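Everything on this sheet refers to the single structure shown next.
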Amino acid sequence: MQKGDRAIDTSPVVSDEVKYTTCYMCACRCGIKVHLKDGAIRYIEGNRDHPVNRGVLCAKGSAGIMQHYSPARLRKPLKRVGERGDAAFEEIEWDEALEIATDWLSGIRENDPKKLAFFTGRDQSQALTGWWASQFGTPNYAAHGGFCSVNMATAGLYTIGGSFWEFREPDWELSRYFLMFGVAEDHDSNPLKIGLSTLKGRGAKIVSVNPVQTGYSAIADEWLGITPGTDGMFVLALIHELLRAGRVDVDYLLRYTNAPWLVIDDPGRAEDGLFARDGEGGILCWDRRRNAVRPALDPDAAAALKGSVTLPDGRAAKPVFHLLAERYLDSAYAPEAAAKVCGIPAGTIQRIAAELAEAAFEHEVVVDQPWTDWAGRRHEKMIGRPVSMHAMRGISAHSNGFHTCRAIHLLQVLLGSIDVPGGFRFKPPFPRPAPPGPKPAGKMGEVAPNTSLPGPPLGFPTAPEDLLVDDDNPPVDSYDALADTKDVANRLPDDQFDGEHRQFDGDDYGWGF
Ligand code: SF4
């Protein structure tokens, strides 16, 4: 192009070197190309070949250059030289900084290491900082996530073996119904925008549950302006409706979940509420054909989903699903009750539940490919449920965030929409075993002067003895809280769910509440 005699170069060369890496201005980890000239960063560009963002770069990502060249960037340790609040600091060398820190900390480590509470910010080095805490000997260690969304990540790891945002994605190409909770435009930003655009292009329905109608909620097909912090009640009312109508994926529950595992019903005793096990520690189910307990992982067991059974040692036990149905069929979780809490009309809750069930069961995805499941059973086709979900800080940043997230995952599981075509799919190494293996170190007896912990301070309790409590702070016994739901058991149908059928019909079983 010419203007007068002057040629305009529309593609000036801005760099003499390009480095490929990932952006860390937020948690998405978009692929970026960093252009350097004479060894200095000049420009950041999205990487079109990266699977997360496929070239998209947001404004925060572009501003990543300021991480390196902002005048406010710290280049050396700062030592306060005035009174606290005077903002008077001087730069010191690392040797001096480390000497000061050692002076502060060595006395604590020699005396009682747990008196050090070590909190780090959002960084990529928790493997290092967690290791440092365990070497110091303190279990009082946490990082950014403890104030952000670790409650949701924990809920995901305990329930389905992974969180909403790690090594996973809704099946944007096949999902028909997408439900999102408390999602702003921050976490998972670029991948979610690309996914939402794919869904809209395909005509899938997007429902956003969020107190405010900005961003994603503004482009959703339906926005549910929920009362802040009450999403859990809304989700449990959806579960109530699905259970009432018998619209859950029984095949999926029997094949992939602990729904048939037996839970000891022995009120007031130490093992009440724990899984029933055989002599070797294997978990048991009730085989309704043999009328006897069997190993829960026995692929030939005709596992029961309901009923109160007597264990060989004489104690009573019930399947997980039975307890779940007892609790959530209670009228406390009916849409009318939930509407008063979360501000979403009962009729809307009923309609959303019906829409979820319709998408999952009337529009199932059928992949015509024989396959073999974990137990060696061959299946001629893969059945998928085209319903997917996503949740983020609007859930985690409220009280009950852990249980709200667990409820959302439970809803996904009941619909059979985890790790199936059309649903919410993981990429190896996820999902992990649920719950994950590491247990928390730092119990009584494991913390001692000048001694490292025997393991990482962050872990996953799987039994009361794993909890970091002392004799003065026993875990709260939840039996009393459960007692008022016991009578619901009397309303469960006498017939057993038939594992041959994908769904059960609540009305046929007389479950019409
Ligand atoms: S969404 Fe933006 S800030 Fe976050 S990783 Fe991607 S480019 Fe960086």
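A compact table of results
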quantity: Flag if residue 68 is more than 20 Å from residue 167 (Cα to Cα) and within 34 Å of the chain's Cα centre (by Cα); calculated: yes
quantity: Residues that are assigned to a helix (DSSP H, G or I), of a type outside the set (D, E, K, R), over 17 Å from residue 152 (Cα atoms) and out of contact with any Cys (no Cβ under 9 Å at 6 or more places or on another chain), drawn from region 225-248; calculated: 238, 239, 240, 242, 243, 245
quantity: Selected residue (only one of 297, 311 is surrounded by fewer than 20 Cβ atoms within 10 Å (Cβ to Cβ) and touching a residue at least 60 places away in the same chain (Cβ under 8 Å)); calculated: 297
quantity: Residue 217, sole failed condition from (1) within 18 Å of the chain's Cα centre (by Cα); (2) not in a loop (DSSP other than H, G, I, E, B); calculated: (1)
quantity: Given (1) in contact (Cβ under 8 Å) with a residue 12 or more places away in the chain; (2) surrounded by 11 or more Cβ atoms within 10 Å (Cβ to Cβ); (3) more than 16 Å from the ligand (Cβ to nearest atom), number of the condition residue 63 does not satisfy; calculated: (3)
quantity: Residue satisfying all of: in region 87-101; without any contact (Cβ under 8 Å) to a residue 12 or more places away in the chain and surrounded by 11 or more Cβ atoms within 10 Å (Cβ to Cβ); nearest to residue 75 (Cα to Cα) among these; calculated: 89
quantity: Pick from region 111-165, criterion among the aliphatic types (A, V, I, L, M), at pLDDT 90 or above and over 21 Å from the mean Cα position of the chain (by Cα), ranking: nearest to residue 460 (Cα to Cα); calculated: 133
quantity: Among (1) under 19 Å from residue 411 (Cβ atoms); (2) in contact with a Phe, Trp or Tyr (Cβ under 9 Å, 6 or more places away or on another chain); (3) surrounded by fewer than 21 Cβ atoms within 10 Å (Cβ to Cβ) - the single one residue 337 does not satisfy; calculated: (2)
quantity: Of all residues making up region 166-186, the number that are at pLDDT below 95 and buried (at least 19 other Cβ atoms within 10 Å of the Cβ); calculated: 4
quantity: Residue tally, condition surrounded by fewer than 19 Cβ atoms within 10 Å (Cβ to Cβ) and more than 19 Å from residue 361 (Cα to Cα), over region 225-262; calculated: 4
quantity: Within region 192-214, considering residues that are within 16 Å of the ligand (Cβ to nearest atom) and either in a loop (DSSP other than H, G, I, E, B) or of a type in the set (Gly, Ala, Ser) (or both), the one surrounded by the fewest Cβ atoms within 10 Å (Cβ to Cβ); calculated: 197
quantity: Count of region 15-61 residues which are part of a loop (DSSP other than H, G, I, E, B), small (Gly, Ala, Ser) and under 19 Å from residue 197 (Cβ atoms); calculated: 1
quantity: Hits in region 304-318 - residues which are part of a strand (DSSP E or B) and among the small types (Gly, Ala, Ser); calculated: 316, 317
quantity: Index of the failed condition, residue 27 passing every other in (1) under 24 Å from residue 392 (Cα atoms); (2) of a type in the set (A, V, I, L, M); (3) in contact with a strand residue (DSSP E or B) (Cβ under 8 Å, 6 or more places away or on another chain); calculated: (3)
quantity: In region 255-303, the residues that are in a strand (DSSP E or B), under 22 Å from residue 325 (Cα atoms) and hydrophobic (A, V, I, L, M, F, W, C); calculated: 262, 263, 264, 275, 283, 284, 285, 286, 293, 303
quantity: Meets criteria (in a helix (DSSP H, G or I) and aliphatic (A, V, I, L, M)) for residue 97; calculated: yes
quantity: Elements of type helices (runs of 4 or more DSSP H) contained in region 320-361, each with 2 or more residues being under 30 Å from residue 266 (Cα atoms); calculated: 320-328
quantity: Subset of region 28-43 [touching a helix residue (DSSP H, G or I) at 6+ places or on another chain (Cβ under 6 Å) and more than 8 Å from the ligand (Cβ to nearest atom)]; calculated: 41
quantity: Residue selected from region 387-407 under the condition among the polar types (S, T, N, Q) and assigned to a helix (DSSP H, G or I), by the criterion nearest to residue 145 (Cα to Cα); calculated: 396
quantity: Region 446-493, subset among the polar types (S, T, N, Q) and either at pLDDT below 75 or loosely packed, with under 12 Cβ neighbours inside 10 Å (or both), residue farthest from residue 263 (Cα to Cα); calculated: 450
quantity: Subset tally (residues that are away from the ligand (no atom under 16 Å from the Cβ) and over 15 Å from residue 400 (Cα atoms)) for region 168-191; calculated: 12
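A quick yes/no check of all residues on (1) without any contact (Cβ under 8 Å) to a residue 60 or more places away in the chain; (2) within 14 Å of the ligand (Cβ to nearest atom); (3) aliphatic (A, V, I, L, M):
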position: 48; (1), (2), (3): yes, yes, no
position: 54; (1), (2), (3): no, yes, no
position: 72; (1), (2), (3): yes, no, yes
position: 83; (1), (2), (3): yes, no, no
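The values are calculated or read from the model by the stated rules, or taken from the named source; none is laboratory data. This structure is a prediction, so every number in the text was calculated from the model and none was measured. FYI the Cβ positions are ideal-geometry reconstructions off the backbone, even for glycines, and counts take in every protein chain you see.
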